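Participant: Following this message is one structure expressed as C-alpha cells.
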C-alpha cells in the first residue's frame, strides 16, 4: 500500500469516529414512550472503524480479521479451534453434520440413529438432527431452570442412541455434570449449543468446553454480534477439519482462501475413483455447503470481543436487579433459578405465570407490550406442536408436562446491556401496576359475589 493510500485510510477512519458521534447520539429514556427491547446491538465508533477498515481491504470472503477473531475467540474459551460460519443455525448444522463423516469410522452417525435433546427451545438446535435423517429423542425440562430433566436420561437411552445435542437455555447451563457423565458412560457425542450462553460457567469452567463440539451465534440479539455470524468450537483436530469441510462445499482440501498446497501433495492424491493426482482443491469428501462469513463481519466481531466481559457482567447485574424487584410477586410468578453449581451468562429473564393467578401469561404480555416493554415467548414452546414438525420421526420420553407448561405459561424479558437501571425501574413499576390492578379486580369480584 502506498503512503498516500495509508494516509487516506487514516483520514477515513478518523471521519468514521466523527460520523458515529453525529449519527448515533445518546437519547434520554422516556418511560412509556422509549421502547425497552428484549435485546439489541451495543456498539460504538470502534465497531464502525473496524468494519470500514475491513471493507477498504476489499477482501470479501474470510481473511485476516476472521483469522484474528478465531484465534482470540478460541483463547477466550481456552480451546484450540474456533471455526467461523455465517450464523449460529449454520454452526449447529455443521456441528452435527460433521459427525456423519465416514472419516469417523464406527462412531459416525448414520440415518436412523437417535440424538437426545429437548423440545423446549429454538428450532435450529433440533433441525440438524432431522436434516441429517436422525431421530430426535425429546426429554422434558425442569422449571425454573428450563433445562433438561437429567433424571430421565437413562429412560431416553436406547441401542440406537449416538449423541446428545442441547442448548444452555437463556444462558443458564444445563446440568453438565450429569450429562457429561452419561455421555461418557454410553460413548455418546455431546454438542453444546451455547448461542445464548457465552461466558456462562459450570463449576468454574466455561460452557462450550465440556462437549466434543460447541456452537455460538453472533446475531444482534446475542452476547456479541457481527450482524449475522456464528462459530463452531472444538478441541479435536479431526472434528475441526470435518467442520471446515462441510462448511466449505464438502471439499477434502483444508487450504485457507488464497492459499494452496498446504498439504504438500496437491497433485499427488488418490481419493475415490478420481485419477491419481487430481487437484486436491477440487476433491470432495462430503455433501457440504458454503457457510462462510465475510471478513467485514469478523472485523466487527473483534471490536465486540473486547467488550464481551463487560457485556456479561452487565447482563448478570440486570438479571439480579430484576430478580430483586420481582421476588415480591412470587405468589404470582415462578422466577428463574440457576442450575446448581452454575453461573449463568443470562440471555433473558424467564418468568412462568402460576396457574393459580387471576390472570394469564397473555394478559401480562399484552400489558407489558402496550407500555413499550418488549417480551418474547420461550422460543418454539413445545416444538412438537409446531406445524413444521408434524409427521417428523421422533421419540418422546414421558409426557413433556413441563414443556407444555412453558408453551402455555412462560415468557421472558430482556437483560441485555442496552437496558439501563432507569428502564429496569420502569419495568418493575409496570409489573407492580399490573399485579395491583388484577388483584384488585379479583378482590372486587369476590366481594360482589359474597354480597349477592
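Participant: I need 255, 195, 27 ordered by Cβ neighbour count within 10 Å, fewest first.
Facilitator: If I rank by nearby Cβ atoms, fewest first, I get 27, 255, 195.
Participant: What do the square roots of 5 times the Cα gyration tensor eigenvalues come to for segment 375-446, in whole Å, largest first, as semi-axes of the equivalent ellipsoid?
Facilitator: 34, 21, 9
Participant: Output the 0 to 90 degree angle, nearest 10, between the alpha-carbon long axis of helix 88-97 and the longest principal axis computed from the alpha carbons of the chain.
Facilitator: The angle comes out at about 60 degrees.
Participant: Angle, helix 361-370 long axis vs. longest principal axis of the chain, Cα atoms, 0 to 90°, nearest 10?
Facilitator: 80 degrees
Participant: If neighbour count is taken as other Cβ atoms inside 10 Å, put 182, 431 in order from fewest to most.
Facilitator: 182, 431
Participant: How tilted is helix 295-305 with respect to the longest principal axis of the chain? Cα atoms for both, answer in degrees (0 to 90, nearest 10).
Facilitator: Tilt of helix 295-305: around 50 degrees.
Participant: Please give the contour-minus-distance gain from residue 71 to residue 14: 0.36 nm per residue of separation, less the Cα-Cα distance, rounded to one decimal in nm.
Facilitator: Length gained, residue 71 through residue 14: 17.8 nm.
Participant: Still on this structure, please answer the following. Which of 38, 139 has the fewest other C-beta atoms within 10 Å, and how do the rest follow up to the most?
Facilitator: Starting with the residue having the fewest Cβ neighbours, the order is 38, 139.
Each value in this text was obtained by applying a stated rule to the coordinates, not by laboratory testing. Model, not experiment: these values are computed from the prediction. Backbone-built Cβ (ideal geometry, glycine too); neighbour counts: all protein chains shown.
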